Amino acid sequence: MSEETNCIFCKIIRGEIPSAKIYEDDLIYAFLDISPINLGHVLVIPRQHWVGSSEIAEDVAGRMFRVGSRIGVALKRSLDYDGFNLHLADGACAGQVVMHAHLHVVPRGADDGFRWNWRQMQYSSDSVRTEILNKIVEKLKF
Ligand code: 5GP
Ligand code: ZN
């Protein structure tokens, strides 16, 4: 299984850096984020060092999503949250700081005062939308 000597999350998995463990199994490890958006914010990481989300093996990615969702439900039941966001930053420009793929489970309350800075652009015409669509589909590989 691949590990990176200097990766902070690989160090957490090896136990070289302490962490507040929520859950672990053969494929993944979940622990409290050290600087939570809301209290109880959890990170779900693969045991293997992958950087981008598309590199993660399908069984591991599935487990990350499944466990992340279950932790989200546990956050609602245990700490009285109303919902949660599952968030994954892929690439520095998308906000990825730690280059070991990870899924954030961010518990949310109706009045928690946190807002994603979400904007909504428009396609200037149907043909522009079709052009964009075709470019994406052309590059889609499995
Ligand atoms: P990113 O911005 O890469 O999506 O998220 C990285 C997350 O890792 C941040 O929310 C940050 O608070 C968390 N983090 C960074 N270093 C540590 C650490 O040493 N321990 C824990 N528990 N979380 C960390
Ligand atoms: Zn790593």
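Tabulated values for the structure
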| item | result |
| --- | --- |
| Accessible-area composition of the chain, carbon plus sulfur, in percent [1.4 Å probe] | 54 percent |
| Per-residue [θ]222 nm for the chain (sum of -39500 (n - 2.57) over DSSP H runs n ≥ 4, rounded to 500) | -10000 deg cm²/dmol |
| Per-selection Rg to Rh, the chain - Cα, Kirkwood hydrodynamic radius | 1.03 |
| Cβ-derived FRET efficiency at R0 41 Å, SER127 paired with ASP59, nearest 0.05 | 0.50 |
| 5 angstrom amide H check on ILE22, placed H, neighbours 5+ away | ALA30, PHE31, LEU32 |
| Separation of the LEU39 and ASN134 label points, Cα + 7 Å toward Cβ, nm | 5.5 nm |
| Solvent-accessible area per residue, Å², over region 3-117 with all protein chains present [probe radius 1.4 Å] | 57 Å² |
| Under 20 Å from LYS76, Cα to Cα: lysines that are on another chain or at least 8 residues apart | LYS21 |
| Amide H partners (placed H, <5 Å) of VAL98, local residues excluded | none |
| Cross-link reach list, aspartates and glutamates versus LYS11, counting only Cα pairs under 18 Å and skipping chain neighbours closer than eight places | GLU3, GLU24, ASP25, ASP26, ASP33 |
| Largest to smallest accessible area among LEU43, LEU79 [probe 1.4 Å] | LEU79, LEU43 |
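The values are calculated or read from the model by the stated rules, or taken from the named source; none is laboratory data. Here the structure is a predicted model, which is why all the values come from computation and not from measurement. Cβ sites come from the backbone with ideal geometry, for glycine too, and all protein chains shown count toward neighbours. Ligands, DNA and RNA are excluded from the accessible area calculation, which covers all protein heavy atoms including side chains. Shrake-Rupley method; radii C 1.70, N 1.55, O 1.52, S 1.80 Å.
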